[in-house]
Amino acid sequence: MNPPFLSIVIPARNEDTRLPRALGQAFAFLESQTYSSEVVVVENASRDHTLEVAQKLARNIPNLRVLHEDLPGKGRAVRRGVLEANGEYRFIADADFSMPVEQINRFLPPVCSSNIAIASREAAGAVRYGEPGFRHLTGRVYNFLIRSLILPGLQDTQCGFKCFQASVAEDIFPYQTLTGWSFDVELLAIARRRGYMIVEIGIPWYYTPGSKVNVLHDSWRMFLDLLTIRSNARRGVYDAHA
């Protein structure tokens, strides 16, 4: 059975060039589906015309909503979008759509019924196209640390495409504390602590130049984030409060 309503949440900072193409792909796909849907773009602290571009597109697309955040941080934008989305399934997508949009149905019933489904560039069936070797290596080193310190068993937590059942999203996102690049590791750690099922879905993934992650600058910050997540978990920050 298809989901009755799907929300696609797209965080967008300085994406005035890529956003129109991403939305074109998304709506071309959604218009051919039998289920209802919406797209929620969350623009935050852009220095270009992302907000204006998104708002202009929204004037002609009824099921496109545009939200604005004053402060930067991908995690901040994603949290806002997911918690304000209406869908019974809430799918996070990067604005570059490095995963073909047609893959989305693999994250939804009847194909997948997990609480959380995450795209993986390492799971069975995954294929990477065009990724520089150094970037792949640094990503694998970081994921080794994630598996060792936080999430054993998950091969790729950093791919930007993830789907949450609404009830699960509304349970775990309010406990998110990180607003930068490591926010998704924190969310998956919270979900696992709450006993939710997480599955990895191997996807075709196409490297797109223009990544916002600076490997040398951000790696240390992301490592410190892992230590913060471990500390938060030990102190009960992610436990449900009465």
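Could you give each residue of region 115-131 its phi-based ³J(HN,Hα) in whole Hz, using Karplus coefficients 6.51, -1.76, 1.60 with θ = phi - 60°, and x for Gly or Pro?
Residue by residue, region 115-131 yields 4, 9, 10, 10, 5, 9, 8, 10, 6, 3, x, 6, 9, 9, 10, x, 7 Hz.
Compute the signed sum of charges (Lys and Arg +1, Asp and Glu -1) over the other residues within less than 11 Å, Cβ to Cβ, of Thr17.
On the way: positive: Arg18, Arg21; negative: Glu15, Asp16, Asp48, Asp96.
After counting each charged neighbour, the total is -2.
Count the net charge of all other residues whose Cβ sits under 12 Å from the Cβ of Leu6, scoring Lys and Arg as +1 and Asp and Glu as -1. Could you put the intermediate results ahead of the total?
Working: positive: Arg90; negative: Glu38, Glu88.
Within the 12 Å Cβ shell, the charges total -1.
Please list, by residue number, every one of the trypsin sites (Lys or Arg not before Pro) in region 47-112 that is coil in DSSP and has at most 15 other beta-carbon atoms within 10 Å. Before the final figure, lay out the partial values.
Details: sites: Arg47, Lys56, Arg59, Arg65, Lys74, Arg76, Arg79, Arg80, Arg90, Arg106; in loops: Arg47, Arg59.
Listed in order of number, the matching sites are Arg47, Arg59.
Per residue of region 23-37, in order, report the coupling 6.51 cos²θ - 1.76 cosθ + 1.60 (Karplus, θ = phi - 60°) as ³J(HN,Hα) in whole Hz, putting x for Gly and Pro.
3J(HN,Hα) across region 23-37, in whole Hz: 5, x, 5, 4, 6, 4, 5, 5, 5, 9, 9, 8, 9, 7, 7.
Mind computing the radius of gyration and Dmax over the alpha-carbon atoms of region 11-80? Å is fine for both.
12.0, 37
If you count, for each residue, the other Cβ atoms within 10 Å and average over each peptide, how do 187-200, 155-168, 21-34 line up from highest to lowest? Could the numbers behind the result be given before it?
Numbers: 187-200: 18.9, 155-168: 21.1, 21-34: 14.9.
Result, highest mean first: 155-168, 187-200, 21-34.
Which residues' amide hydrogens lie under 5 Å from the amide hydrogen of Val9, considering only partners 5 or more residues apart or on another chain, with H built in the peptide plane?
Long-range HN contacts for Val9: Val40, Phe91, Ile92, Ala93.
List, in order, the whole-Hz ³J(HN,Hα) value for each residue of region 161-169 obtained from phi through the Karplus relation with A = 6.51, B = -1.76, C = 1.60 and θ = phi - 60°; use x for Gly and Pro.
Couplings: 10, 9, 10, 10, 5, 4, 5, 5, 4 Hz.
Nothing charged except the Cβ atoms of Lys and Arg (+1) and of Asp and Glu (-1): what's the magnitude of the dipole of region 5-234 about its Cα centre? Round to the nearest 20 debye.
Working: 26 positive and 24 negative charges, 108 e Å.
Approximately 520 debye in magnitude.
So if each residue of separation counts as 0.36 nm, and I subtract the Cα-Cα distance between Arg230 and Cys112, what length gain in nm does that give?
Values: separation 118, 0.36 × 118 = 42.48 nm, distance 2.95 nm.
Answer, rounded to one decimal: 39.5 nm.
Take the Cα gyration tensor of the chain, multiply each eigenvalue by 5, square-root it, and list the three semi-axes largest first, rounded to whole angstrom. If you can, show how the numbers build up before the last one.
On the way: eigenvalues 130, 85, 73 Å².
Three semi-axes, in Å: 25, 21, 19.
Where a number appears in this text, it was derived from the coordinates with a stated rule and is not lab data. Bear in mind that the values here come from a model prediction, so they are computed numbers and not experimental data. No Cβ is skipped: glycine too gets one built from the backbone with ideal geometry, and neighbour counts run over all protein chains shown.
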